[in-house]
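Colleague: My structure is below; once you've seen it, I'll send some questions.
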Amino acid sequence: MKKILLFAAGLLMAGAANAQNTTTIKPDTQKIEYSNMLFGQFIEHFDTQIYGGIFCPGNPLSDEDGFRTDVIAAMKELKVPIVRWPGGCFVSSYHWLDGVTNPRVPTYDKAWQVEDPNTFGTDEYVKWCRKVGCEPYICTNAGTGTAEEMSDWVEYCNQTMGKWARLRAQNGHPEPYNVKYWSIGNENYGSWELGAKTVDEWGPLVRESAKLMLAADKSLMLFAAAQSNRNWTMPLLQAAGRYLNYVSIHGYWDSLQHVDNPKSYINCMMSTDGPERDINNTIAILNDAGFGEGKIKIAFDEWNLRGWHHPWHGDFRRGFDLEARRNNDKATTYTMADAVFSACFLNACLRHSDIVEMACFSPIVNARGALYVYPEGLVKRSTFYTLYMYANDLLPYVVPTEEDLTQTVSYENRSTKALDVILTSDKDGKKFVYAVINKDPQNEVSLTLDFKGMGKTAKSRVSAKILAGEGIDDYNDIGDESVKPYQTTLNVRNGSVSIPAHSVTFITID
């Protein structure tokens with residue numbers, strides 16, 4: 001396993017080693033049953049995510065429908081509840097009919113400037129979701145598409161009458177797919193997006209698209225592309241909020257689109273508070289627009305620490321460097337920084353799980369994916385194991401707590417708390433699991449557990465599952481997946497445990 005353990009002199013410092021870090025259960029507060037859709041995924045027609053990723057007809061590892069069986073098995077390990085598709089930027093020039101008519105005719109993908117064979121379309125996507133055991137979540141073309149085209153897509157998937165339902169039946173699928181989750185648009189606020197909209201254009205388009213889509217199926221759960229930016233989202237809500245169930249926001253905190261120079265571990269840690277700021281800003285906008293208290297929920301339906309590398313995207317006078325996209329597959333990029341950041345993101349969502357109901361890691365396969373898929377197999381990157389722990393080892397209720405976390409880590413003129421903590425429990429409050437993240441790259445950090453608040457006698461040892469490489473820059477690669485969780489016990493001294501450096505640690509108390 002390769003490691004890089006270098007820090008610039010004077011740029012890294014931790015809070016005092018004897019600092020007290022405590023977590024206390026808030027009295028007389030209700031625990032929150034969170035949605036497992038927080039552990040959703042995203043897949044886009046970009047590079048090898050679909051073709052060469054989840055869909056490889058003729059590969060010995062693929063089934064009779066061309067789906068990679070090892071990918072499906074890994075998705076089941078993650079208990080993936082929902083997958084967003086087909087984009088992403090791809091969708092803003094995608095016309096869904098190209099992916100359902102026969103014969104399938106390849107088209108030029110204007111977003112990523114390659115040819116898409118259209119052999120993976122709506123029918124294949126829904127079939128793949130059924131095999132994975134997840135809900136489909138379709139993002140529609142609100143760039144070059146129309147409100148009626150979006151509504152027609154709903155008809156194709158969900159209606160029992162009309163020409164689009166008959167087309168689905170002719171394609172061998174007489175029963176409706178009943179796709180419940182639909183997003184209007186993707187990042188239509190961005191200059192890089194084909195068919196980008198102005199603030200004044202966006203709200204009315206969402207309103208009229210929602211009306212047509214609901215005319216095709218009144219049971220839809222509708223999303224619209226939003227931001228944690230009041231100037232964009234407030235007019236959207238004023239125009240179309242009454243038709244929406246969710247606002248869709250996105251976040252990448254290591255922007256690598258044009259230059260693939262990933263931030264160091266400690267620099268990434270300085271971004272770990274970013275997701276919660278975006279969540280809080282969006283909650284404030286919803287409240288001020290009159291859609292607070294869960295009337296409209298938040299879907300963080302694209303998120304990752306690192307943005308995808310695709311030089312010159314958005315510069316329409318310059319051609320893409322397609323070969324540079326291979327940089328996304330460098331195993332060395334996906335270290336403990338990615339694993340720890342991802343855990344901090346999920347903790348932020350869980351703390352606000354009364355409002356944040358969905359999150360989709362972006363993407364699940366290849367590019368910056370938690371899975372790297374190659375012709376002979378796959379690699380589970382460090383982020384895969386973070387997602388695995390959150391999907392499999394937490395309990396279903398978040399217990400509200402108050403933290404007094406005094407220890408910090410710093411870099412240049414920025415700092416963040418060394419620890420990030422949430423507490424979950426079963427329905428009866430008899431069993432508890434702490435999710436504790438130690439961002440400090442070098443030092444163990446002590447945390448005092450609230451045994452009294454849990455109604456437990458203090459223990460001398462507790463069971464723990466820990467994800468931590470030997471070093472901060474450890475990574476998984478073909479033939480070497482040494483960054484993975486291990487089971488152990490932690491000593492409890494005066495009610496406190498020591499959390500290993502650069503780790504994601506789950507502590508079970510029953």
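We did not get these values from a lab; they are worked out from the coordinates using the rules stated. Quick caveat, the model's predicted, so the values are computed rather than measured. Cβ placement follows ideal geometry from the backbone for every residue including glycine, while neighbour counts extend to all protein chains displayed.
Colleague: So which trypsin sites (Lys or Arg not before Pro) in segment 49-100 end up in coil per DSSP with only 16 or fewer other C-beta atoms within 10 Å?
Modeller: 79
Colleague: In straight Cα distance, which lysines are under 28 Å from residue 197, not counting same-chain residues fewer than 8 positions off?
Modeller: Cα-Cα hits under 28 Å: 110, 180, 211, 218, 295, 297.
Colleague: With just the Cα atoms of segment 277-372, tell me how far they stretch along each of the three principal axes, in Å, largest first.
Modeller: 47, 36, 19
Colleague: OK, next. In segment 357-404, which GluC sites (Glu not before Pro) are in a loop and have at most 11 other Cβ atoms within 10 Å, using DSSP for the loop call?
Modeller: 376
Colleague: Tell me, what is the FRET efficiency for residue 330 and residue 180 to the nearest 0.05, using R0 = 30 angstrom and their Cβ-Cβ distance as r?
Modeller: Given R0 = 30 Å and the Cβ-Cβ separation, E is 0.20.
Colleague: Go ahead and run the numbers for FRET between residue 105 and residue 148, Cβ-Cβ distance against an R0 of 25 Å, rounding to 0.05.
Modeller: 0.70
Colleague: Over the chain, what lengths in whole Å, largest first, do the semi-axes of the equivalent ellipsoid take, defined as the square roots of 5 times the eigenvalues of the alpha-carbon gyration tensor?
Modeller: Three semi-axes, in Å: 38, 26, 22.
Colleague: A 18 angstrom limit on the alpha carbon distance is what I want to check against. Which of 417/439; 127/380; 330/380; 263/465 exceed it?
Modeller: 127/380; 263/465
Colleague: I need the helices of the chain that pass two filters: whole DSSP H segments spanning 20 Å or more by Cα along the axis, and mean Kyte-Doolittle score no lower than 1.0.
Modeller: 336-351
Colleague: Next up: If you restrict to DSSP beta bridges whose two residues both lie in the chain, what percentage is antiparallel, to the nearest 5?
Modeller: Of those bridges, close to 65 percent are antiparallel.
Colleague: Tally the DSSP beta bridges in segment 281-405 and give the antiparallel ones as a percent, rounded to 5.
Modeller: Just about 45 percent of them are antiparallel.
Colleague: Below 12 angstrom from the Cβ of residue 249, what's the summed charge of the other residues (Lys, Arg +1; Asp, Glu -1)?
Modeller: -2
Colleague: Here's another thing I want to ask about it. If you filter segment 203-299 for trypsin sites (Lys or Arg not before Pro), then keep DSSP loop positions with at most 10 other Cβ within 10 Å, what is left?
Modeller: Those satisfying the criteria are 218.
Colleague: Starting from the Cα-Cα distance between residue 315 and residue 459, subtract it from 0.36 nm times their residue separation and give me the gain in nm to one decimal.
Modeller: That pair, residue 315 and residue 459, stretches by 45.9 nm at full extension.
Colleague: Let me ask another. Counting helices only, and only those DSSP H runs with n ≥ 4, report the 222 nm mean residue ellipticity of the chain as the sum of -39,500 (n - 2.57) divided by its residues, in deg cm²/dmol to the nearest 500.
Modeller: Mean residue ellipticity at 222 nm (helix-derived): -7000 deg cm²/dmol.
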